[in-house]
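Peer 1: I'd like to ask you about the structure that follows.
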Protein chains: 2
Amino acid sequence: MPPGLKDVAARAGVSIKTVSNVVNGYTHVSADTRARVQEAIDALGYIPNAAARQLRTRRSGVIALAVPELQSPYFAEMAGLIVQAAERRSWTVLIDQTDGQAERERNLVAGLRRHAIDGLIFSPLALAGEELSRGGDTPMVLLGERVWHGPADHVAIDNTEAAADATRHLCGLGRRSVAAIGAQDFASAVTAHQRLAGYRAAIEEAGLAWDPLLVARVERFHRADGAAAMAALLQRPRRPDAVFCFNDLLALGAIRTLLEQGVRVPEDVAVIGFDDIEDGRFSTPTLSTVAPDTARIARLAVDLLAERLGDGPAASDAPREVRVAHRLVVRESTAG
Amino acid sequence: MPPGLKDVAARAGVSIKTVSNVVNGYTHVSADTRARVQEAIDALGYIPNAAARQLRTRRSGVIALAVPELQSPYFAEMAGLIVQAAERRSWTVLIDQTDGQAERERNLVAGLRRHAIDGLIFSPLALAGEELSRGGDTPMVLLGERVWHGPADHVAIDNTEAAADATRHLCGLGRRSVAAIGAQDFASAVTAHQRLAGYRAAIEEAGLAWDPLLVARVERFHRADGAAAMAALLQRPRRPDAVFCFNDLLALGAIRTLLEQGVRVPEDVAVIGFDDIEDGRFSTPTLSTVAPDTARIARLAVDLLAERLGDGPAASDAPREVRVAHRLVVRESTAG
């Protein structure tokens with residue numbers, strides 16, 4: 001039987017309560033007592049629980065998660081899943097919202113060491129490459145499309161292929177004027193660029209002509225942007241009979257505009273989104289989408305970070321690139 | 001003209017870049033140089049920016065925000081607004097998700113001092129009263145209904161009155177079988193208890209009979225719970241012609257069930273929610289709701305915390321209770 005609290009207390013000549021206080025990191029135990037308890041713990045090889053292990057490894061048990069915006073249900077769901085995965089390792093997760101601003105992302109990476117944080121899971125929007133290396137030796141796992149071949153472990157889906165799959169689904173319904181909502185012009189909008197590339201590839205693969213007038217640009221990936229973009233597309237001479245929206249929020253906004261204007265979904269215009277957020281499972285019509293395996297992304301991010309922290313199998317030195325699967329989810333908005 | 005970086009650099013006999021490094025807390029400046037720069041800063045009364053002020057007051061510039069769940073759009077929107085309000089003070093906000101579990105809320109309050117956090121904005125679900133006082137001297141502002149007359153500054157709307165307003169709106173439409181979705185039986189479900197009390201008060205005020213069979217219980221406040229509760233209500237002998245849902249997610253789930261079963265909203269059943277999350281502005285039909293002044297709650301929480309941290313007007317000792325307004329937002333789901 002492995003040694004218990006009682007054995008440690010007996011060997012250190014203190015009460016069980018005192019051992020527990022030391023193990024839990026309470027500060028009102030004298031340095032002398034603390035040292036005696038720690039000696040007994042070491043001598044017996046006592047591993048009480050995650051808290052004690054953290055104490056011995058001088059870790060705080062706190063990791064940070066940085067995402068662009070929590071108001072985006074996708075990032076909120078991701079954050080919730082990462083908190084759950086971290087909880088199984090008794091880690092606390094502190095979440096930082098960067099709004100995708102380069103300055104805030106820089107401060108985040110530079111400030112890590114000051115905040116007693118063991119590691120970082122980071123979904124950057126603005127930073128890439130070298131700038132991400134400034135975190136010093138704080139272990140980091142990167143999420144999202146921005147950072148292939150970056151300086152740290154990285155977990156992401158094949159974004160371009162997933163966008164192509166969504167578009168192929170629309171073409172497969174026999175639609176011939178397949179529009180896209182979500183293009184963005186700024187250089188750092190890698191997610192938008194990749195999804196546009198996937199859309200274009202699938203359009204050309206289906207033998208349809210590439211028509212820039214079927215592509216609507218947006219400022220952000222919010223419902224209001226999708227609603228406005230759809231209204232603009234309906235004004236153009238060639239009316240779409242299907243729309244691939246680069247995320248579900250854009251799609252929900254687009255559907256609102258269509259229904260408001262008496263356009264039937266999916267009969268007149270089929271709509272597909274991206275992310276598989278909960279909203280699309282309860283909207284009317286329910287929303288077809290591309291579902292990244294978000295639960296797996298969350299689990300992998302925590303597992304990779306744990307390896308770098310020495311909690312799991314030994315970490316190799318080279319950054320690892322991990323691809324996660326996605327799948328097409330067909331619901332009412334394209335099932336006409 | 002107030003002294004600038006240049007004046008500090010000249011007085012300390014270092015480069016402007018070095019002053020900037022000290023002010024930004026970079027660690028590669030020698031202790032000796034740092035001391036010289038700090039002396040010059042003090043002598044000249046130089047106040048460069050928030051970062052420097054934080055350095056001098058020994059604050060980390062980091063506050064924590066703890067909410068029950070980020071997957072709830074209401075808490076996600078609140079978190080986003082608090083991050084924005086904090087940004088105007090150059091504070092970084094780290095967000096912790098408690099899932100409303102007592103154990104995690106306890107750990108959060110107990111662990112504050114270990115994490116170099118200046119203060120906490122906390123929306124507790126499980127803890128109340130005395131247990132909340134264990135945070136030691138870390139300044140704290142509480143949000144939500146759980147904690148009237150608690151140990152710290154507290155910002156909330158009048159929850160019972162807001163629920164009564166939602167129900168009055170339904171009664172005012174001439175509806176006579178006004179149901180409620182969102183009752184919860186456990187003692188700590190203060191939000192649900194208060195909203196049920198407001199609902200009941202408005203029902204009786206309208207001269208309608210109190211009918212427990214019109215009240216549906218839920219496990220959580222999620223869309224799936226609202227969908228299931230609505231299905232259950234439709235099975236009961238007395239069919240409702242209106243439903244007050246205790247939050248917008250429940251309402252969106254309830255509307256999905258109604259439309260799926262061919263029940264028209266609002267013609268057959270009018271539906272109102274609570275929170276005014278973005279989803280309800282783009283759903284079909286758009287969702288009537290009660291809107292707390294969430295932006296004001298966020299701003300006040302940050303302002304009260306700043307006062308306790310000595311950044312603003314002097315803080316009095318007694319905890320302050322601040323009520324924030326709410327308003328009724330009528331949209332398609334009740335505008336029949």
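Peer 1: Amide H to amide H, which residues 5 or more places from B:Ala66 or on other chains are under 5 Å from it, using H placed in the peptide plane?
Peer 2: B:Asp96, B:Ile121, B:Phe122, B:Ser123
Peer 1: While we're here: Using Cβ counts within 10 Å as a stand-in for footprinting exposure, how do A:Arg256, A:Arg327 rank, fewest first? It would help to have the intermediate numbers written out before the result.
Peer 2: On the way: A:Arg256 23, A:Arg327 12.
Lowest count first: A:Arg327, A:Arg256.
Peer 1: What's the longest uninterrupted piece of chain A once you rule out the GluC sites (Glu not before Pro) that are loop residues per DSSP with at most 15 other Cβ within 10 Å?
Peer 2: On the way: sites that count: A:Glu219, A:Glu267.
In short, A:1-218.
Peer 1: Near A:Lys6, which lysines are there with a Cα under 29 Å away, not counting those fewer than 8 places off in the same chain?
Peer 2: Within reach: A:Lys17.
Peer 1: Do any chymotrypsin sites (Phe, Trp or Tyr not before Pro) in the stretch A:184-245 lie in a DSSP loop with no more than 16 other beta carbon atoms within 10 Å, and if so, which?
Peer 2: Numbers: sites: A:Phe186, A:Tyr199, A:Trp210, A:Phe221, A:Phe244; in loops: A:Phe186, A:Trp210, A:Phe221.
Answer in residue order: A:Phe186, A:Trp210.
Peer 1: Principal axis lengths of chain A from Cα atoms, whole Å, largest first?
Peer 2: The Cα atoms of chain A stretch 85, 39, 30 Å along their principal axes.
Peer 1: Provide A:Ile255, B:Ile63 in ascending order of the number of other Cβ atoms located within 10 Å of each residue's Cβ, fewest first. Write down the numbers at each step before the final one.
Peer 2: Values: A:Ile255 31, B:Ile63 28.
Taking fewest neighbouring Cβ atoms as first place, the list is B:Ile63, A:Ile255.
Peer 1: Would you calculate the separation in nanometres between label points at A:Arg106 and B:Arg176, each defined as 7 Å from the Cα along the Cα-to-beta-carbon direction?
Peer 2: 6.9
Peer 1: I need A:Arg88, A:Arg217 ordered by Cβ neighbour count within 10 Å, fewest first. List each step's numbers first, then the result.
Peer 2: Details: A:Arg88 11, A:Arg217 15.
By the 10 Å Cβ count, ascending: A:Arg88, A:Arg217.
Peer 1: Over chain B, what is the mean sequence separation of C-alpha contacts under 8 Å (at least six apart), divided by residue count, expressed as relative contact order in percent? Mind dumping the intermediate values first?
Peer 2: Numbers: 640 pairs, mean separation 50.5, N = 336.
Relative contact order of chain B: 15 percent.
Peer 1: I need the inter-copy label distances for A:Arg238: point set 7 Å along Cα to C-beta, values in nm with one decimal, smallest first.
Peer 2: Ordered by increasing distance: 5.9 nm.
Peer 1: Now for a different question. Can you tell me the relative contact order of the stretch A:139-261? Whole percent, Cα pairs under 8 Å, sequence separation 6 or more.
Peer 2: Working: 211 pairs, mean separation 33.5, N = 123.
Relative contact order here is 27 percent.
Peer 1: May I ask you to give the average projected area over all directions of the convex hull of the Cα atoms of the protein assembly as shown, in nm² rounded to one decimal? Walk me through the intermediate numbers first.
Peer 2: Values: hull surface 141.1 nm².
For the protein assembly as shown, the mean projected area of the Cα convex hull comes to 35.3 nm².
Peer 1: Next question. Taking amide hydrogens as modeled 1.01 Å from N in the peptide plane, which residues meet the under 5 Å criterion relative to A:Gly61, leaving out close sequence neighbours?
Peer 2: A:Asp118
Each value in this text was obtained by applying a stated rule to the coordinates, not by laboratory testing. In this text, all values refer to a predicted model and were calculated from it rather than measured experimentally. Note: ideal-geometry Cβ built from the backbone for every residue, glycine included; neighbour counts use all protein chains shown.
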